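**Student:** First the structure, which I've put down as structure tokens, then a few questions once you've had a look.
The values are calculated or read from the model by the stated rules, or taken from the named source; none is laboratory data. Quick caveat: nothing in here was measured; it's all calculated off a predicted structure. Here the Cβ is made from the backbone with ideal geometry for all residues, glycine too, and neighbour counts use every protein chain on show. Ligands, DNA and RNA are excluded from the accessible area calculation, which covers all protein heavy atoms including side chains. Shrake-Rupley method; radii C 1.70, N 1.55, O 1.52, S 1.80 Å.
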Amino acid sequence: MQFYQAATICIDAVIGFAARYAILAEHMASEAMSLTRKKELLHIAEVCRQVPAGPARTFREALQSLWFVHIGLLQESFGYSYMPGELDQYLWPYYERDLKTGVLTRSHAKDLLRFLFVKMNSFAYLLSNNHSKYFLGFPMCQIITVGGTTAEGEDATNELSYICLEADAEIGMTQPETVVKVHPKMPEDFLIEACRVGKQCIGKLKFIGDEVATHKLVNCGYPEADARRYVLIGCHEPFVQGISHFWPGGHVSLAKCLEFALNDGKDRLTGRQIGVATGDPRGFSSMSQVIDALFVQVRYFFRHLLDADEVIFRTHAEHWPAPLQSSLIRGCIRKGVDCFAKGADYNFSFFSTGGMANVGDALAAIKKVVFEEQKITMGQLIDALDSNFADAPEILALLKSAPKFGNDDDYVDLIVKDLAKRWCEEVQQHRVWDDIIPQAAVAIITGNIPYGATIGATPDGRLAGEPLGEGGISPVQGRNTVGPTASIKSVAKIDHASMKSGSVFNMRFSPSALKNEESIKRFAALIKTYCQLGGFHIQFNIVDTNTLREAQEHPDDYRDLLVRVATYTSYFTELGRELQDNIIERVEFGDI
């Protein structure tokens, strides 16, 4: 009974919140000087008395109800990553009916969506100085998802899908985060329109391979009809609203684990014994020994992370329930159990790793330079790493010349593919809090900079303290030099369906690469090809290096310059210099 009482209190609070707006609007109407304004305010009052206390009758009421509930959810919990989801799908019946009855026009519907999107930019959540290093740029991740397929697998694109894109482009702000589902049956002109919006907004949209996302969720136990209704939660995690709950589980740095594997469990920068003693790497005589030592470290730290999460999840359930959020989840209502106490029908937690491209490049370099070509010994490699290559510039050059991920080279691409496979297998064999299923992800957000600061030199040619590769499965900045097609082919070789909580792939293009309709069509074809090859997530910055450098030097002239940071959009001038430089270091492709 306590759950239902708590849920009722929270629901009544949101209804009361709306009623106070109705009272205010009526008071303002009584003092309005013009008849037009008086009518507007009285209509506002009527809407606020109707929703969310009762069912929405019109498109406008549906939007207003959504907004009141959204505010309530943000206030109840941490405030991060509450997503309106499939706006174009659940608002469609209201839009269609209002058009037929003459209550609404297409233009007015877009105005209302623009008002909603502007309001989404009125929030920011506060983080500690340390935490903010991993989420620079005030991300809120209020995600809307457009397009996709119906429960029967048919194309779900409708006129509202286009209007959502247009409204987002016209306001040009960081929120909402807009996700476009890409699938074989989608209208070609919808994908092309999304590409136009992507160019206009520089880095606003994410594109998701709809078939692989659905496959991920079916593998998690969802019926296919439900799986097709997925949205993205957080940054990159596919999720079915209304029947699921999801816990962020934490992060294991694959690159730091490699450092421990190549230093007998010791931190190379401090000399402290932190990891497992896996033996003096100078004695390793094969790649299998290197990789085995790496995953001994991964397993060790991941199991410590699971132990910590066990405590966190149980404590959260006992001391920080979310009755309003739970009231929107079917399983919680049926069982009378809060979502943080596993009331939902589907309960998952995601665990991510970063530095995978660095580790892939590093293992490829060791394989080639040490074991195949035998140009150096393991002892010489370790000595070079210990000295940050200060005494071994020729070894640094050899390591940098080895194959690099992102250039359609199986030599290194298949190493990264195997790393992803082994990471997913390690994560998904465990359980948290008895039966919560961990899901693997490969994403690092902006953690590549602070993580890199704590890691010594690595065999891919990276110097101590330098940032790791960004994104998650993106090639390391500056290394995918063959071209955009080679980059997507490398990334698509990974089994994306096994990374059930997703991954992050960033690319950057010069605006001149999308200079006309023909080039925009090629851009759309590139996205579609990536998804057909099995890719899950891809996003872009469409901005040239000169513009970014100018914005660094003259920030007041570029306050509205949007960039895709990680899996969220921010204003470039609000980012720290190191993160700005990290974005600039991403390869800029001038053609498609």
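**Student:** Quote the accessible area belonging to Met287 in square angstrom, nearest 10, computed with a 1.4 Å probe and with ligands, DNA and RNA left uncounted.
**Tutor:** Result for Met287: roughly 30 Å² accessible.
**Student:** If we sort 178-188, 95-105 on the protection proxy, mean other Cβ atoms within 10 Å, highest first, what's the order?
**Tutor:** On the way: 178-188: 20.5, 95-105: 14.1.
Per-residue Cβ counts within 10 Å, averaged per peptide and sorted highest first, yield 178-188, 95-105.
**Student:** Residues of the range 561-592 with backbone nitrogen within less than 18 Å of a virtual label 7 Å along the Cα-to-Cβ line of Gln200, please, listed as ranges.
**Tutor:** 561-564
**Student:** Now for a separate question. Put +1 on the Cβ of every Lys and Arg and -1 on every Asp and Glu Cβ in the chain; which of Ala22, Ser77, Ser327 then has its Cα farthest towards the positive end of the dipole?
**Tutor:** The residue sitting farthest along the positive end of the dipole is Ala22.
**Student:** Could you check what % of the DSSP bridge pairs in the chain are antiparallel, to the nearest 5? Before the final figure, lay out each step's value.
**Tutor:** Details: 13 of 46 bridges.
Around 30 percent of the beta bridges assigned by DSSP in the chain are antiparallel ones.
**Student:** Given Cβ point charges of +1 (Lys, Arg) and -1 (Asp, Glu) and nothing else, what value in debye, to the nearest 20, does the dipole of the chain about its Cα centre take? Present the calculation step by step, with values, prior to reporting the outcome.
**Tutor:** Working: 59 positive and 73 negative charges, 152 e Å.
Here the size comes out at about 740 debye.
**Student:** Expressed as a rounded percentage, what relative contact order does the chain have, with Cα pairs under 8 Å and six or more residues apart?
**Tutor:** On the way: 1138 pairs, mean separation 87.1, N = 592.
Relative contact order, the chain: 15 percent.
**Student:** OK, next. Which whole-angstrom value gives the distance between the alpha carbon centres of the range 307-350 and the range 153-209?
**Tutor:** 32 Å
**Student:** Another question, if that's okay. Quote to one decimal, in nm, the extra length available between Arg522 and Ser122 on full extension: 0.36 nm per residue of separation minus the C-alpha distance between them. If you can, show how the numbers build up before the last one.
**Tutor:** Numbers: separation 400, 0.36 × 400 = 144.00 nm, distance 3.64 nm.
Full extension from Arg522 to Ser122 adds 140.4 nm.
**Student:** Using helices alone, I'd like the mean residue ellipticity at 222 nm for the chain: each DSSP H run of four-plus residues gives -39500 (n - 2.57), total over residue count, nearest 500.
**Tutor:** Details: 24 runs with 281 residues, N = 592.
When only DSSP H runs of four or more count, the value is -14500 deg cm²/dmol.
**Student:** Moving to a separate point now. With all protein chains present, calculate the accessible area of Glu154 using a 1.4 Å probe and round the result to the nearest 10 Å².
**Tutor:** It works out to around 100 Å².
**Student:** Cross-link candidates for Lys204: which lysines have Cα within less than 21 Å, leaving aside residues fewer than 8 places away along the same chain?
**Tutor:** Partners within reach: Lys110, Lys119, Lys181, Lys515, Lys521, Lys528.
**Student:** So, one more: Using only alpha carbon pairs under 8 Å that are at least six residues apart, calculate the relative contact order of the range 1-135 and give it in whole percent. Show your work: numbers first, answer last.
**Tutor:** Working: 90 pairs, mean separation 25.0, N = 135.
Computed over the range 1-135, the figure is 19 percent.
**Student:** Could you compute the FRET efficiency for Thr36 and Thr105, with r as their C-beta to C-beta distance and R0 at 22 Å, rounded to 0.05? List each step's numbers first, then the result.
**Tutor:** Working: r = 18 Å, r/R0 = 0.81.
The computed FRET efficiency comes out at 0.80.
**Student:** While we're looking at this one, here's another question. Going by accessible area, probe 1.4 Å, with all protein chains left in place, what is the ranking of Arg549, Arg479, Arg508, Arg229, largest first?
**Tutor:** Arg549, Arg229, Arg479, Arg508
**Student:** Moving on. Just to verify a number: FRET efficiency for Thr529 and Leu463, C-beta to C-beta distance, R0 = 51 Å, to 0.05?
**Tutor:** Numbers: r = 35 Å, r/R0 = 0.69.
With a Förster radius of 51 Å, E is 0.90.
**Student:** Here's a follow-up. Let me know the shape class of the range 397-496, please: from the alpha-carbon gyration tensor, a ≥ b ≥ c as square roots of the eigenvalues, rounded when a/c is under 1.5, otherwise prolate if a/b is greater than b/c, or oblate.
**Tutor:** Since a/c reaches 1.5 but b/c is at least a/b, the shape of the range 397-496 is classed as oblate.
**Student:** On a straight-distance basis, which lysines could pair with Lys266 in a cross-link, Cα separation under 24 angstrom, same-chain partners fewer than 8 positions away excluded?
**Tutor:** Cross-link targets: Lys256, Lys367.
**Student:** I'd like the accessible area for Lys404, computed on protein heavy atoms only with a 1.4 Å probe and all protein chains in place. Round to 10 Å², please.
**Tutor:** Rounded to the nearest 10, that gives 20 Å².
**Student:** Once you have the Cα-Cα distance between Asp418 and Arg334, take 0.36 nm times their residue separation minus that, and quote the gain in nm to one decimal. Don't skip to the end; give the middle numbers.
**Tutor:** Working: separation 84, 0.36 × 84 = 30.24 nm, distance 4.20 nm.
Extra length available between Asp418 and Arg334 comes to 26.0 nm.
**Student:** May I pose another question? What order do Tyr90, Tyr451 take when sorted by accessible area (1.4 Å probe), most exposed first?
**Tutor:** Numbers: Tyr90 85, Tyr451 55 Å².
I get Tyr90, Tyr451, largest accessible area first.
**Student:** Okay, moving on. Put +1 on the Cβ of every Lys and Arg and -1 on every Asp and Glu Cβ in the chain; which of Cys164, Val311, Val212 then has its Cα farthest towards the positive end of the dipole?
**Tutor:** Checked the options; the winner is Cys164.
**Student:** Take the alpha carbon gyration tensor of the range 248-306, find the square roots of its eigenvalues, order them as a ≥ b ≥ c, and report rounded if a/c is under 1.5; if not, report prolate when a/b exceeds b/c, else oblate.
**Tutor:** Details: a/c = 2.32, a/b = 1.47, b/c = 1.57.
Since a/c reaches 1.5 but b/c is at least a/b, the shape of the range 248-306 is classed as oblate.
**Student:** Of all beta bridges DSSP finds with both residues in the range 113-255, what is the antiparallel percent, to the nearest 5?
**Tutor:** On the way: 4 of 14 bridges.
Counting only bridges with both partners in the range 113-255, antiparallel ones make up about 30 percent.
**Student:** How are the C-alpha pair distances of the chain spread across 10 Å bins, as whole percents from the shortest bin up?
**Tutor:** 3, 16, 26, 25, 17, 8, 3, 1, 0
**Student:** State, to one decimal in nm, how far the label point of Gln5 lies from the label point of Arg57, with both points 7 Å from Cα in the Cβ direction.
**Tutor:** Going by the 7 Å Cα→Cβ label model, 3.6 nm.
**Student:** Please arrange Val359, Val337 by accessible surface area, largest first, computed with a 1.4 Å probe and ligands excluded.
**Tutor:** Values: Val359 0, Val337 45 Å².
Putting Val359, Val337 in descending order of accessible area: Val337, Val359.
**Student:** Go ahead and collect, in residue order, the members of the range 564-592 whose backbone nitrogen is under 13 Å from a label point 7 Å along the Cα-Cβ direction of Ser132.
**Tutor:** 574-577
**Student:** Compute the acute angle (0 to 90°) between the alpha-carbon long axis of helix 159-171 and the principal axis of greatest extent of the alpha-carbon atoms of the chain; round to the nearest 10°.
**Tutor:** 70 degrees
**Student:** Nothing charged except the Cβ atoms of Lys and Arg (+1) and of Asp and Glu (-1): what's the magnitude of the dipole of the range 187-273 about its Cα centre? Round to the nearest 20 debye. Walk me through the numbers on the way to the answer.
**Tutor:** Details: 11 positive and 11 negative charges, 89 e Å.
Computed charge dipole of the range 187-273: roughly 420 debye.
**Student:** Now a separate question. Using only the Cα atoms of the range 1-105, build the gyration tensor, take square roots of its eigenvalues as a ≥ b ≥ c, and label the shape rounded, prolate or oblate: rounded if a/c is under 1.5, else prolate if a/b is larger than b/c, else oblate.
**Tutor:** Numbers: a/c = 2.16, a/b = 1.26, b/c = 1.72.
Oblate.
**Student:** What FRET efficiency do you get for Leu269 and Ala397 if R0 is 25 Å and r is their Cβ-Cβ distance, rounded to the nearest 0.05?
**Tutor:** That pair, Leu269 with Ala397, gives E of 0.60.
**Student:** Under the definition of Cα pairs under 8 Å and six or more residues apart, what whole-number percent is the relative contact order of the range 132-194? Could the numbers behind the result be given before it?
**Tutor:** Details: 63 pairs, mean separation 25.9, N = 63.
Here the relative contact order equals 41 percent.
**Student:** Zone of Thr485 (label point 7 Å along Cα→Cβ, backbone N under 13 Å): which residues in the range 406-422?
**Tutor:** Residues passing the 13 Å test: 408.
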